[in-house]
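Enquirer: Mind looking over this structure? Questions follow.
Bear in mind these aren't lab numbers, they're just calculated from the coordinates by the rules spelled out. The structure displayed is predicted, hence computed values, not measured ones. No Cβ is skipped: glycine too gets one built from the backbone with ideal geometry, and neighbour counts run over all protein chains shown.
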Amino acid sequence: MAKIHVTTTINGEPTEFLCEPQQTLLDVLRDELRLTGSKEGCGTGDCGACSVILDGRLVCSCLALGAEAEGQEVETIEGMADGDNFHPLQQKFLEGAALQCGICTPGFLIAAKSLLERNPDPSETEVRYWLAGNLCRCTGYDKIIRAVLECAADMRGNQA
Amino acid sequence: MNALTYESPDSVDEAVKLLAAADGNAKLLAGGTDLLVQLRMGMITPSLIIDVKKISETTVVKEVNGGYRVGAAVSGAVLGEHEGMKSAWPGVVEALELIGSTQIQGRASMGGNLCNGSPAADAVPAMIAADAICTIAGPNGRREARVEDIVIGPGVTSLETGEMVVDFLFPARPARSGDAYLRFIPRTEMDIAVVGAGVSLTLDEAGVCTAARLALGAVAATQLVVEDGAAALIGSTLDDAAMAKLDAAARAACRPIDDKRGTIEYRTKVAGVLARRATKIAQQRAEG
């Protein structure tokens, strides 16, 4: 069976890869492109550890095929920092100890970034609902939610 | 196991040709939130996956004679940003948006939710209450069908081999119309309906209900159209007596199963409660 040739853009970089029809976007990112920041937790769309932004929408990369990336833009955790400078959310997660084991963290960061791009001033309830598809078994969520709210406030302050 | 192939045609005609050539071994991919899980679990072993998201008809929302035609693969995230559909059919939009997380919303579609055939599918009771019409394309051309006629059993649809759902028509609404969908789950988010209830109704200038439809989910092998419930509302001002009749009609229609989500007795009771509450929300929306 011939592999599928896919031309896409990942974190702003034009990228080509070959994949099998059944390979998920997560499989391709991790196994073909060695972008291992996106994690596989459940593989069935329940845990959010594989969250990426596909064509401007937050999705689980385990529930998209690699072939579907053709002609699309994909944003992953690897594209979040600006060189050596963390994204403000990454910085705030570190400062607020909003992670313990870290497996869920890339997914939370991508999901939170997608929220703040749409809504720079979310309420706590809005943050909790937006992140309901990201599971964390360590933190109890509270530090994550606080980090996102504090980061949003900081980012608004910088823009004022 | 057959080798799997992936195709992403850019027209319905091309998709239908691919479906016909695959002789029943193809699966259509819209958002993939059910399909890719089933593929991974080995529950399905198709020889061909046809991604319909490169087709304009299945991925756009269009205004048509005051109503809306919604592509079968339009995601919840896209529909939830469509001001026209939110204003005309808020219950339908809310029902689709109840499915899964933000990530799932980025992909999940009404076409997928319907054709997956789950008795607990959240979008479906609201679509049935709205009396939405599907456009179906197949080897013999196109036909239309009411949404209520598509699911005929758990995971089973009335679509013939080689047919696909292209879009859904939500007709223009008379003045003083409203709809609503409510589901019960034991927590606030991220769960599967124990019961769902969709209501659509129209009032006259005096507040008397002139048209109504009630559909229930997760209380039988398929979604149920409860005609006795609608009849209880039509001709009334949605007063307490009409609400009591509606509650009784909804309970009488239920044929649920006992499972980990709820007992027969519990589901039946909740169906009546949700039918009443959804009716009251639809009434407030109709009154504007």
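Enquirer: Relative to the first principal axis of the alpha-carbon coordinates of chain A, what is the inclination of helix A:105-118, with its axis defined by its Cα atoms, in degrees from 0 to 90 and to the nearest 10?
Expert: Helix A:105-118 and the main axis of chain A meet at about 70 degrees.
Enquirer: In the range A:4-79, with Lys and Arg counted as +1 and Asp and Glu as -1 at Cβ, which of these residues, A:L54, A:P14, A:Q72, has the Cα nearest the positive end of the dipole, that is, farthest along it?
Expert: So the residue furthest toward the plus end is A:L54.
Enquirer: Near B:D191, within a Cβ-to-Cβ distance under 10 Å, what is the net charge of the other residues, with Lys and Arg +1 and Asp and Glu -1? Intermediate results must be reported in sequence, preceding the final value.
Expert: Values: positive: B:R183, B:R187, B:R261; negative: B:E189.
Spelling it out: positives minus negatives among the neighbours equals +2.
Enquirer: For each of A:H5, A:H87, count neighbouring Cβ atoms within 10 Å of the residue's Cβ, then give the residues from fewest to most. Write down the numbers at each step before the final one.
Expert: Working: A:H5 11, A:H87 19.
Fewest-to-most Cβ neighbours within 10 Å comes out as A:H5, A:H87.
Enquirer: Can you list, largest first and rounded to whole Å, the semi-axes you get for the range B:5-50 by taking the square root of 5 times each eigenvalue of its Cα gyration tensor?
Expert: On the way: eigenvalues 73, 29, 9 Å².
Taking √(5λ) for each eigenvalue gives 19, 12, 7 Å, largest first.
Enquirer: Suppose every Lys and Arg Cβ carries +1 and every Asp and Glu Cβ carries -1, with no other charges. What dipole size does the range A:4-79 come out with about its Cα centre, to the nearest 20 debye?
Expert: On the way: 4 positive and 14 negative charges, 41 e Å.
The calculation lands at about 200 debye.
Enquirer: Which longest run of chain B has no exposed loop site in it, a site being GluC sites (Glu not before Pro) in a DSSP loop with at most 16 other beta carbons within 10 Å, and the site itself not part of the run?
Expert: Details: sites that count: B:E81, B:E160, B:E189, B:E205.
With GluC sites (Glu not before Pro) excluded where exposed in loops, chain B gives B:206-288 as its longest stretch.
Enquirer: Please express the Cα-Cα pair-distance distribution P(r) of the protein assembly as shown as a list of whole percents, one per 10 Å bin, running from 0 to the bin with the greatest distance.
Expert: It works out to 4, 20, 28, 25, 16, 5, 0, in whole percents.
Enquirer: So how do A:Y129, B:Y181, B:Y6 line up by other beta-carbon neighbours within 10 Å, fewest first?
Expert: Sorted ascending by nearby Cβ count, the order is A:Y129, B:Y6, B:Y181.
Enquirer: Over chain B, what is the relative contact order in whole percent, taking alpha-carbon pairs under 8 Å and six or more residues apart? Please report the intermediate quantities before stating the final value.
Expert: Values: 680 pairs, mean separation 46.2, N = 288.
Rounded, it is 16 percent for chain B.
Enquirer: Could you derive backbone 3J(HN,Hα) for the range B:223-228 from the dihedral phi with the Karplus parameters 6.51, -1.76 and 1.60 (θ = phi - 60°), listing whole Hz in sequence and x where the residue is Gly or Pro?
Expert: With the stated coefficients, the range B:223-228 comes to 4, 10, 8, 9, 5, 5 Hz.
Enquirer: May I pose another question? Net charge around B:A211, counting only other residues with Cβ within less than 13 Å of its Cβ (Lys, Arg = +1; Asp, Glu = -1)? Show your work: numbers first, answer last.
Expert: Working: positive: B:R173, B:R176, B:R213; negative: B:D131, B:D179, B:D204, B:E227.
Net charge around B:A211: -1.
Enquirer: Moving on to the next point. About its Cα centre, how strong a charge dipole does the range B:58-170 have in debye, to the nearest 20, once Lys and Arg get +1 and Asp and Glu get -1 at the Cβ?
Expert: Values: 7 positive and 13 negative charges, 40 e Å.
The calculated dipole for the range B:58-170 is roughly 200 debye.
Enquirer: Next question, about the same structure. Among B:G67, B:S87, B:I104, which residue has its Cα furthest toward the positive end of the charge dipole of chain B, with +1 on Lys/Arg Cβ and -1 on Asp/Glu Cβ?
Expert: Farthest towards the positive end: B:I104.
Enquirer: I need the shape label for the range B:116-258. Rule: rounded when a/c is under 1.5, else prolate if a/b > b/c, else oblate, with a, b, c from the alpha carbon gyration tensor. Numbers along the way, then the final one.
Expert: Details: a/c = 2.13, a/b = 1.32, b/c = 1.61.
Cα axes put the range B:116-258 in the oblate bin.
Enquirer: Under a 10 Å cutoff between Cα atoms, tell me which one of B:V156, B:V194, B:V74 has the largest fluctuation in the Gaussian network model of chain B.
Expert: B:V156
Enquirer: Dipole of the range B:5-50 (Lys/Arg Cβ +1, Asp/Glu Cβ -1, origin at the Cα centre): which of B:I44, B:A20, B:G31 lies farthest to the positive side?
Expert: Result: B:I44.
Enquirer: To continue, here is another question. In straight Cα distance, which lysines are under 28 Å from B:K260, not counting same-chain residues fewer than 8 positions off?
Expert: B:K260 reaches B:K269.
Enquirer: Something else: How high is the FRET efficiency between A:Q159 and A:A81 when r is their beta carbon distance and R₀ equals 22 Å, given to the nearest 0.05? The partial results should precede the final answer.
Expert: Working: r = 20 Å, r/R0 = 0.90.
Once rounded, the FRET efficiency stands at 0.65.
Enquirer: About its Cα centre, what dipole magnitude does the protein assembly as shown give when the only charges are +1 on Lys and Arg Cβ and -1 on Asp and Glu Cβ, stated in debye to the nearest 20? If you can, show how the numbers build up before the last one.
Expert: Working: 41 positive and 59 negative charges, 231 e Å.
In debye, rounded to 20, the protein assembly as shown gives about 1100.
Enquirer: Going by how many other beta carbons lie within 10 Å of each one, how would you line up A:L63, A:L35, fewest first?
Expert: Fewest to most other Cβ atoms nearby, the residues stand as A:L35, A:L63.
Enquirer: Greater than 24 Å separation of Cα atoms is the criterion. Which listed pairs, A:K39/B:K54; B:K27/B:K53; B:K62/B:K86, meet it?
Expert: A:K39/B:K54
Enquirer: Here's another thing I want to ask about it. Please state the shape class of chain A: rounded when a/c is under 1.5, otherwise prolate if a/b exceeds b/c and oblate if not, all from the C-alpha gyration tensor.
Expert: Verdict is prolate for chain A.
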